[in-house]
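See below for the structure under consideration.
The values are calculated or read from the model by the stated rules, or taken from the named source; none is laboratory data. On a predicted model such as this, the values are computed, not experimentally measured, just so you know. Note: ideal-geometry Cβ built from the backbone for every residue, glycine included; neighbour counts use all protein chains shown. The protein model used for the area step is the full one, side chains on, heavy atoms only, and it has no ligands, DNA or RNA in it. Shrake-Rupley method; radii C 1.70, N 1.55, O 1.52, S 1.80 Å.
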Amino acid sequence: KKTPSSQFKYGIRLNQELIQDRFNEWLYSDSADYNLAPWSTALDSIILDDLVRANNEINSARINGYAQLNQYFGSSKKLWLNAGIRSSYWSLNNEWLIMPRVAFYYEPNKRAYKNQDTNAFNPKTVLRFAFGAYHQPPFYRELRNFSGQINPSLRAQKSWHYVLGLDRTVRLWGKDFKYSAEAYYKQLSDIVPYIYDNIRIRYYAQNSSNGYAMGFDNRLYGQFNDGLESWFTLSFLKTEEQINYVDYAGNPMISEYLRRPTDRRVNFSAIFQDRLPSNPSVRVNLSLIIGSAIPYYLDGSARYSTTPSIIPAYRRVDIGFSKVLKDKNSKGRNWKWLKEAWVSLDIFNLLDINNVIAYSWVKDLNNNRYGVPEYLTGRMLNLRIQAKI
């Protein structure tokens, strides 16, 4: 089917949002059955470290719209443009957002690729460059601070993206694979700082920081065996921010550049799938994930610290085996009342590695607090039998 030289799309959406939040939370921290007040020594009564109660309700409207143009150039259509604009308005903070975006794509050997013998290797290459605004209007969780109060004047977090990428078909081990690479830089402003409290995200509800994110992603994927996708990814990331805050004496301060909670510098993952040559219905899949250490801020004031706690590197290996009992290609009269059936056995966290997910507070007799690591699930077996009638 012939691709038209230009395509234009547009859309608009209106949402009415009603949110009711009943928030009742308390924190009590002791040590070995000793009840310690946050400011002194043991007491006969129970003294809570923190108590938050809130009853919030928001009734607001959002309007979102977009217009987008895809334009091809020249008879061979080697170069094409994707440009557009998105806009949004939220009645709660009366903020209009205008977000222009543009992306250029260039396929230098497109005509040669089309004219080559279909049995020959076709090294398809696409270069791309994109930039634009990707602003994120807040939702309710960003509005609510640690005390349960909401900030209705919170503005959208703003980001300008600059991306340079490459997609190329390569021949490895007699198979065609696709390699993708992408380098990016994101200028961030009006950021709402946050911390992880176990697996919960807690926001400061203030547009109090500015920062950046930069990185380089690589991915190679294809089929070692027909119908079974495998891929390998290697990513590098650095993201930091400067936070404006008020110290204990009431003085306005600005922090140094601090690692953001998502600042995982290196991440590698691989998924490999294969089947037995002598019995294709028996399959195996192997996955590997390795991620470098990330920062962890144990409480609100520690977010401004240049020496956060560290969650160690994440490492995990999973392996799974499956046997197709029946599918659409099966022959014979066995289980003719079944359309499909298969059984699988998965071993999650094969090496039984203790990966840290968060830290919890523990006090000593001097009222000092320490972070005790909490771990993700260890090795697990999962047996599944599935069928379709």
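Using a basic spin-label model with each label point 7 Å from the Cα along Cα→Cβ, how many nm lie between residue 266 and residue 28?
4.6 nm
Would you mind telling me which residue in 278, 230, 292 has the biggest mean-square fluctuation in a Gaussian network model of the chain, where springs connect alpha carbons within a distance under 10 angstrom?
278
Specify the residue with the greatest mean-square fluctuation among 28, 184, 257, computed from a Gaussian network of the chain linking alpha-carbon atoms under 10 Å apart.
Its mean-square fluctuation being the largest, the pick is 28.
Among (1) 1.01; (2) 1.03; (3) 1.22, only one was calculated for this model; which label is it, if the read-out is Rg/Rh (Cα atoms, Kirkwood Rh)?
Here the calculated entry is (2).
What's the extension gain from residue 170 to residue 309 if we count 0.36 nm per residue and subtract their Cα-Cα distance?
45.8 nm
Label residue 60 and residue 381 with points 7 Å out from Cα along Cα→Cβ: what is the distance between them in nm?
Reported label-point gap for residue 60 and residue 381 is 5.1 nm.
If you roll a 1.4 Å probe over the heavy atoms of the protein chains, what accessible area per residue do you get for the stretch 129-207, in Å²?
For the stretch 129-207, the per-residue accessible area is 51 Å².
Counting only protein heavy atoms and using a 1.4 Å probe, what share of the accessible area of the chain belongs to carbon plus sulfur, as a whole percent?
Working: 13140 of 23710 Å².
Using a 1.4 Å probe with all protein chains present, the chain comes out at 55 percent carbon and sulfur.
Using only alpha carbons, build the gyration tensor for the stretch 91-213 and give me the equivalent ellipsoid semi-axes, biggest first, whole Å.
44, 17, 11
Using 5 Å bins from zero, what percent of all Cα-Cα pairs in the stretch 213-270 falls into each bin?
Reading the bins upward from 0: 4, 15, 15, 13, 11, 10, 8, 7, 5, 4, 3, 2, 1, 0.
Ordering 328, 178, 388, 77 by accessible area with a probe of 1.4 Å, largest first, what comes out?
The ranking, largest first, comes out as 328, 388, 178, 77.
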